[in-house]
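Taking it in order: structure first as C-alpha cells, then the write-up.
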Amino acid sequence: MSATLEAEKFQGYFFAAPLMKVPGRLPPVEIFYTQEPERDYLEAAIRTVIQIHTCEPPGDILVFLTREEEIEDACRKITKEIGNFGDSDGLALVVPLYSTLHPAMQQKIFDPAPAPLTENGPAGRKIVVSTNIAGTSLTIDGIVYVIDPGFAKQKVYNPRVRVESLLVSPISKASAHQRSGRAGRTQPGKCFRLYTERSFHNDL
C-alpha cells in the first residue's frame, strides 16, 4: 500500500482547486543483480551482509527477510560470522525487526551504529534484519545498503475453503522499488537484489 494521496479526488472535492506538484530529489541508488538465481536466498543474504561489512565504505545495512524464525536465525549467523573477523572491520550491531517483536526491542533499530574502538579505527555498522515492515511504515536513518531477496509473506485467499493464509511469495516490482528506495534517503546508496535482472522484469 502506498502512502501517496489520490490528489485528483481531493482536487474535485474542493471545487477544482489548483494542483501544485513539487518534485522531490533523492540521492541515487545503484542496483545490483545476481548473475544466476540463488538456490538459498537466506544464505545468500547473510553472505552479502558479510561482503558489505568487510569490503564496502561505512553505512548501515537493511536486510529484508520473510518471517520471525528466519530473521532470528540470520541475526545469530551474521553476529557469529562478523565475530570471527575480530575488530579489524569495525563493530556491528545486529538487530531484528518484525511485528510480534517486543516494542522495546523494536526501538533498537533507531540506536546509532557502534563507534570506532580507536580514534582512527573503522566505523561500526548497524545491521537491521527485517520483514516487509521496514519497507512500508518505517524510515531508519543511516541505511546505505539494502539487501533484497525478492520475497515476502503475503495474504492469499483460498476460495475453495474460504480461508486467508500467509504464504511466502515473490514481491511486486513496486515493492522492489520501495525497498531499494530505503538505501537512498540521505546519501547515495546501493541495493543488492538477490535475483536476476531478467527475473525482475519478467517474474515480479
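For the stretch 3-127, what D do you get in µm² per second when you plug the Kirkwood radius from alpha-carbon pairs into Stokes-Einstein at 25 °C and 0.890 mPa s?
137
When a footprinting reagent is the concern and you count Cβ atoms within 10 Å, what order do SER130, SER165 take, fewest first? Provide the component values of the computation, followed by the final result.
Working: SER130 22, SER165 11.
Going from sparsest to densest Cβ surroundings: SER165, SER130.
Sort out the exposed loop chymotrypsin sites (Phe, Trp or Tyr not before Pro) in the chain (DSSP loop, at most 14 other Cβ within 10 Å) and tell me the longest stretch that has none. Don't skip to the end; give the middle numbers.
Working: sites that count: PHE14, PHE15, PHE85.
The longest such stretch corresponds to 86-204.
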Residue-by-residue Karplus 3J(HN,Hα) for the stretch 40-57, coefficients 6.51, -1.76, 1.60, Hz, glycine and proline x:
10, 5, 5, 5, 5, 5, 5, 4, 5, 4, 5, 4, 5, 4, 8, 10, 9, x
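Percent antiparallel among DSSP beta bridges with both residues in the chain, to the nearest 5? Show your work: numbers first, answer last.
Details: 8 of 31 bridges.
Antiparallel bridges make up about 25 percent of those DSSP assigns within the chain.
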Provide the net charge surrounding PHE200, with neighbours chosen by a C-beta distance below 9 Å and charges set as Lys +1, Arg +1, Asp -1, Glu -1.
+1
Mean separation of Cα pairs under 8 Å and 6+ residues apart, divided by the residue count of the chain: what relative contact order is that in percent?
30
Fully extended contour minus Cα-Cα distance, from TYR157 to MET20, at 0.36 nm per residue
45.4 nm
Under a 5 Å amide H to amide H cut-off, with H placed in plane at 1.01 Å, what residues pair with ILE31 once short-range neighbours are removed?
CYS191
Just name one of VAL163, LEU91, MET105: the one whose Cα is farthest towards the positive end of the charge dipole of the stretch 69-204 (beta-carbon charges, Lys/Arg +1, Asp/Glu -1).
VAL163
Could you pull out the longest piece of the chain with no exposed loop trypsin sites (Lys or Arg not before Pro) in it, calling a site exposed if DSSP puts it outside H, G, I, E, B and it has at most 11 other Cβ atoms within 10 Å?
40-159
Using θ = phi - 60° and Karplus 6.51 cos²θ - 1.76 cosθ + 1.60, couplings along the stretch 127-135 (whole Hz; Gly, Pro as x)
10, 9, 10, 9, 6, 5, 4, 7, x
Taking just the alpha-carbon atoms of the stretch 76-204, what radius of gyration and Dmax come out, in angstrom?
17.4, 64
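Under the definition of Cα pairs under 8 Å and six or more residues apart, what whole-number percent is the relative contact order of the stretch 130-204?
Values: 96 pairs, mean separation 29.1, N = 75.
Result for the stretch 130-204 is 39 percent.
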How large are Rg and Dmax for the stretch 104-160 when only the alpha carbon atoms are used, in Å?
16.5, 64
Calculated [θ] (222 nm, deg cm²/dmol) that DSSP helices of n ≥ 4 give over the chain, each run adding -39,500 (n - 2.57)
-8500 deg cm²/dmol
Can you sort MET105, MET20 by how many other beta carbons sit within 10 Å, fewest first?
MET20, MET105
Could you grab the relative contact order for the stretch 64-159? Cα pairs under 8 Å, six or more apart, rounded to a whole percent.
38
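Readers should treat all values here as calculations from the given coordinates under stated rules, not as data from a laboratory. Owing to the predicted nature of the structure, the values given are computational and were not obtained by experimental measurement. Here Cβ is always computed from backbone atoms with ideal geometry, including for glycine, and neighbour counts include all displayed protein chains.
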